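Notes follow once the structure below has been shown.
No lab work stands behind these numbers, since they all come straight from the coordinates. Treat the numbers as computed from the prediction; the structure is a model and nothing was measured. Ideal geometry is used to build each Cβ from the backbone, glycine not excepted, and the neighbour counts take in all protein chains shown.
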Amino acid sequence: MRGIISSAGYVPYRRLQRADITAFFGSGGGKGTRSVASHDEDTTTMGAEAARSALRPLDAADRTGGTEGCDSLWFATTAPAYLDKTNASAIHAVLRQPPEVAAYDFGGGLRSGVGALRSALGGTGTTLVVSADLRGGLPTSADESAAGDGAAALLVGTDAPEARVVAEYLGGASVTDELVDRWRTVGDQRSRVWEERFGETRYVPLGLQAWRSALKEAGLDAGDVDRVAVVGMHGRAVRSVGRNLDVRPGCLADDLTGTVGQTGAAHASLVLASMIEEAAPGQLVGVVSLADGADALLFRLTAARDGWTPADPVADQVAGAADLSYARFLTWKGMVTPEPPRRPEPARVSSSAAWRNEEWKYAFVGSQDRTSGAVHLPPARVSMRGGAFDDMEAVSRAETPATIATYTIDHLSYSLSPPIVFAVLDFDGGGRFPLELTDVDPETVAIGDRVSMTFRRLSTAEGIHDYFWKAKPIRPSRHPR
Amino acid sequence: MASHGIKDRVAIVGMGCTRFAEHWDKSLDDLIVDASRETFDSARVGKDDVDAYWFGTAQSGMSGITLARPLQLQGKPVTRVENYCTTGSEALRAAAYAVASGAYDVAMAVGAEKVKDSGYQGLNAFPIPGDGTARTLTAAAMFSMVAPAYAKKYGVDEDELADVLARISWKNHQNGARNPRAQFRKEVSKETICASPRVAGRLGVFDCAGVADGAAAAIVVRAEDALRYTDRPLYIKALSFAAGSGSGLIDPEYDYTWFPECAIAAEDAYRQAGITDPLRQLAMAEVHDCFTPTELVLMEDLGFAARGTAWKEVLAGTYDRSGALPVNPDGGLKSFGHPVGASGLRMVFEAWLQLRGEATPERQIDTDRTLALTHNLGGYPGEMVAFVSVLGTEPG
């Protein structure tokens with residue numbers, strides 16, 4: 001049996017009220033909200049967050065390197081942080097995967113996310129399929145309000161005693177069509193679209209063709225399916241395909257566009273992850289994705305679903321959000337450029353130093369003195385207690401909650417979104433480190449607050465992104481269960 | 001293993017100090033030449049009479065050539081030193097130890113910093129290539145964490161502590177207003193201090209030291225030779241230095257209410273100098289008031305108040321110019337600004353003026369005590385270097 005062993009979605013903390021666009025410009029906007037990646041997030045960091053969540057149920061204990069025999073890590077996005085340089089390798093480093101695990105980018109097309117997933121499902125071995133996207137458009141455009149930012153990660157493999165499949169892959173189909181309905185040339189800040197009716201008349205038959213072929217391959221009737229979602233950037237086509245799937249009433253799943261927005265290359269996986277979290281063993285779920293053709297995938301939740309607990313359910317992330325002003329949204333999306341702080345910009349990261357310190361920088365791995373037990377962040381060779389030389393073992397704090405010992409708010413340090421909230425953190429099980437807080441409202445921080453670690457982009461200088469960790473408040477789940 | 005000190009073996013026989021200011025019209029070389037000329041004249045020597053030079057600058061230049069070129073020193077041993085914000089004090093320590101060792105008869109310490117050519121506000125460290133994970137906070141933010149920690153530990157209401165900190169700023173501006181060499185020569189009301197824009201945490205602009213260009217210098221000789229240069233030398237009673245391991249940043253036991261490095265340096269200095277009751281034995285102290293909470297905590301680290309009580313002493317005026325122990329009678333970093341390489345020697349210069357009775361009458365401390373302390377620190381809470389000197393007019 002082949003299928004999904006674990007899955008997770010990642011929805012950034014901030015939301016833009018679409019009505020705020022209308023209020024400001026008198027046009028654009030709409031109903032509901034869209035998710036907004038923080039100024040310190042990009043597709044690599046969001047992908048890393050989703051991947052961490054997807055692996056967490058498999059080794060709830062401290063992850064000390066390598067996970068469940070994953071053979072490959074694939075990363076798909078239309079907004080890569082780097083070209084030429086592979087972005088999947090940064091996620092690979094965050095997850096402390098051994099070098100034998102291959103890391104590849106699938107890039108460019110919106111279809112690359114679902115394409116990577118279908119390739120993994122149809123292949124062999126165990127593949128962590130990560131997709132992430134940053135979506136937007138010019139102010140007042142449909143893309144600006146309808147799109148969202150987010151990521152998802154699905155661990156695809158074959159059922160085994162140590163890695164049970166929770167969603168069995170029953171079959172899928174793909175239809176390809178070369179059509180210039182939506183396009184963006186390299187360097188463009190926005191996508192362009194052809195007349196809406198043209199795309200709709202093409203996508204509806206393509207979507208239905210893929211759906212029927214997938215049902216046939218799986219040996220199912222549409223009426224057997226319990227939950228199905230249609231995703232795609234073409235809203236009218238998505239709705240039209242959804243109406244014509246011939247599923248039972250009420251089986252069409254929330255495609256998250258009202259709250260999160262359409263997250264591009266990540267969206268099929270994000271919605272699928274959400275459906276897996278909501279479904280019960282034995283239920284059939286499907287997803288149809290419309291992009292330059294169509295893809296349809298069908299799964300059955302297995303008995304192992306009951307033994308699997310999602311680390312951070314999508315529904316909780318959808319519910320546990322905070323609004324972002326339209327001014328900050330435009331700033332974070334690079335649509336306006338406020339006066340920068342009059343402080344020197346951060347210096348370029350040294351590639352050789354970053355490479356030497358990969359475990360610290362990307363996986364937040366320090367060292368623990370075997371004699372005194374003192375935890376050193378970053379790792380050290382000489383202990384601060386007892387002074388032992390070279391008697392340390394690696395200890396990760398990436399998955400360890402911490403408590404704020406003290407904190408401050410810095411109005412002067414260089415930041416794309418001042419002020420910086422900075423806290424001295426005491427980690428459960430030992431170790432202290434001062435770190436910046438993110439996804440936080442400065443007025444709400446207090447000594448004693450609990451935080452978890454999150455992988456972020458601190459800055460970019462001379463085209464080199466500086467990735468490291470920040471902490472974010474642990475908030476009680478706001479999603480009613 | 002011991003720290004013996006060099007009590008009464010070396011004396012300062014000449015000093016100079018520029019005004020600290022935004023010297024848009026003066027280069028680093030100008031500042032060096034101005035402070036050095038005043039110092040040569042003070043000791044009644046020429047530049048060739050000095051056998052060896054130590055030049056302190058944090059980031060205005062590299063190597064001894066930065067001093068040798070403007071002074072045109074030919075073939076002299078000239079060394080640049082750097083040790084964070086204690087750089088100026090380190091230059092003096094090196095020169096004093098060189099004379100104490102017998103290696104040289106006359107040595108000179110010059111500290112200078114040209115800060116205001118960067119185009120940025122504040123002090124900005126030279127970036128060293130790294131992995132991008134190092135902290136990028138301002139010093140103000142790091143030191144701002146001291147105030148709430150202190151308030152919590154000792155049960156002081158945070159608003160009351162804000163009054164304490166405002167009083168420190170007010171006191172140092174009172175002193176600076178009377179000092180012709182200070183950058184800021186205006187008294188500032190506590191209301192203005194409390195209403196100033198926030199910089200970090202609860203710290204406002206008036207809780208922070210200014211930024212200035214400046215230079216200061218001292219010439220040292222063996223104590224037995226001192227009276228050949230001046231009839232009122234300052235004898236070095238103690239020079240103490242402590243570098244932390246940086247573990248305060250990562251050690252859960254550090255609570256941000258004190259600076260262990262400063263306490264260690266003070267204890268060593270008092271032992272060298274034979275001081276048992278600094279509050280009653282010292283005529284004055286110059287301390288590193290980079291931020292108002294720093295000065296508060298230093299009163300305890302330096303033994304001027306018991307732990308948890310300095311805030312009451314501040315409110316009682318104990319450290320005012322007319323108090324039991326005047327602290328920062330020259331106005332401190334608050335009024336002078338902080339040209340990093342010069343500040344440590346500027347502090348010694350105030351001791352030089354006050355102990356010799358040469359401060360202008362309106363700000364001369366009225367005392368029969370003969371000892372002064374200077375304290376200079378660099379770095380941040382948890383990751384600090386600390387220097388303490390004790391100087392006196394009476395030999396052993």
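Listing for the model above:
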read-out: Given B:Lys76/B:Lys237; A:Lys85/A:Lys470; A:Lys472/B:Lys312; A:Lys472/B:Lys152, the pairs whose alpha carbons are separated by over 26 Å; value: B:Lys76/B:Lys237; A:Lys472/B:Lys312
read-out: Nearest-20 debye value, chain A charge dipole, Cβ charges on Lys, Arg, Asp, Glu; value: 620
read-out: Dipole of the protein assembly as shown [Lys/Arg +1, Asp/Glu -1 at C-beta], most positive-end residue of B:Ala266, A:Ala102, A:Thr77; value: A:Thr77
read-out: Viscosity 0.692 mPa s, 37 °C: Kirkwood-radius Stokes-Einstein D of the range A:1-145 over Cα pairs, µm²/s; value: 198
read-out: All lysines inside 20 Å of B:Lys114 as judged from Cα atoms, apart from same-chain residues fewer than 8 positions distant; value: B:Lys26, B:Lys334
read-out: Shielding of A:399-412 by partner chains, average beta-carbon count, 10 Å; value: 6
read-out: Helical contribution to [θ] at 222 nm, DSSP H n ≥ 4, -39,500 (n - 2.57), averaged over the protein assembly as shown, rounded to 500; value: -8000 deg cm²/dmol
read-out: GluC sites (Glu not before Pro) restricted to the range B:174-240 and DSSP loop, no more than 14 other C-beta within 10 Å; value: B:Glu187
read-out: Equivalent ellipsoid semi-axes, the protein assembly as shown, via Cα gyration tensor eigenvalues times 5, rooted, Å; value: 65, 26, 24
read-out: Between helix B:340-355 and chain B: long-axis angle, C-alpha atoms, 0 to 90°, nearest 10; value: 80
read-out: Positive-end residue, the range A:2-332 charge dipole about Cα centroid, Cβ charges, pick of A:Ser38, A:Thr22, A:Ser119; value: A:Thr22
read-out: Qualifying GluC sites (Glu not before Pro) in the range A:396-465, DSSP loop, other Cβ atoms within 10 Å at most 12; value: A:Glu462
read-out: Between 0 and 90°, nearest 10: helix B:158-177 axis offset from chain B longest Cα axis; value: 30
read-out: Surrounding net charge for A:Phe468, when Lys and Arg each add one and Asp and Glu each subtract one, Cβ distance under 10 Å; value: 0
read-out: Residues whose placed amide H lies under 5 Å from that of A:Gly137, excluding near-sequence neighbours; value: A:Glu144
read-out: Fewest-first sequence of B:Tyr150, A:Tyr414 by Cβ atoms within 10 Å of each Cβ; value: A:Tyr414, B:Tyr150
read-out: Rg/Rh for the range A:60-176, where both radii come from Cα atoms and Rh is the Kirkwood radius; value: 1.01
read-out: Amide hydrogen neighbours beyond the local backbone of B:Leu234, cut-off 5 Å, H modeled; value: B:Ile12
read-out: Listed residues B:Asp366, B:Asp330, B:Asp34, most fluctuating in chain B (Gaussian network, C-alpha, under 10 Å); value: B:Asp366
read-out: Shielding of A:340-353 by partner chains, average beta-carbon count, 10 Å; value: 4
read-out: Principal semi-axes in Å for the range B:1-137 [√(5λ), Cα gyration tensor, largest first]; value: 27, 21, 13
read-out: Positive dipole terminus of the protein assembly as shown, leading residue within A:Gly242, B:Gly111, A:Gly157 (C-beta point charges); value: A:Gly242
read-out: Hydrodynamic radius of the range B:285-396 per Kirkwood, over alpha carbon pairs, in Å; value: 14.4
read-out: Which of B:Arg363, A:Arg342 has the fewest Cβ neighbours within 10 Å, and the rest in rising order; value: A:Arg342, B:Arg363
read-out: Residue among B:Ala21, B:Ala58, B:Ala306 with the largest mean-square fluctuation in a Gaussian network model of chain B, springs linking Cα atoms under 10 Å; value: B:Ala306
read-out: Lys, Arg +1 and Asp, Glu -1 on Cβ, resulting dipole of the range B:154-309 about Cα centre, debye, nearest 20; value: 840
read-out: Dipole in debye (nearest 20) - the protein assembly as shown, about Cα centre, beta carbon charges: Lys, Arg +1; Asp, Glu -1; value: 860
read-out: Amide H contacts under 5 Å for B:Gly308, placed H, 5+ residues apart; value: none
read-out: Karplus 3J(HN,Hα) series, Hz, for the range B:115-122 with 6.51 cos²θ - 1.76 cosθ + 1.60 (x for Gly, Pro); value: 8, 7, 9, 7, x, 10, 6, x
read-out: Derived scalar couplings ³J(HN,Hα) [the range B:286-302; Karplus, 6.51 cos²θ - 1.76 cosθ + 1.60; whole Hz; x for Gly, Pro]; value: 9, 10, 7, 8, 4, 9, 4, x, 4, 4, 4, 5, 5, 4, 8, 4, 8
read-out: Burial ordering of A:Ile420, A:Ile276, fewest other beta-carbon atoms within 10 Å first; value: A:Ile420, A:Ile276
read-out: Equivalent ellipsoid semi-axes, the range A:2-332, via Cα gyration tensor eigenvalues times 5, rooted, Å; value: 28, 24, 18
read-out: Within a Gaussian network of chain B (alpha carbon springs, distance under 10 Å), most fluctuating of B:Arg321, B:Arg185, B:Arg69; value: B:Arg69
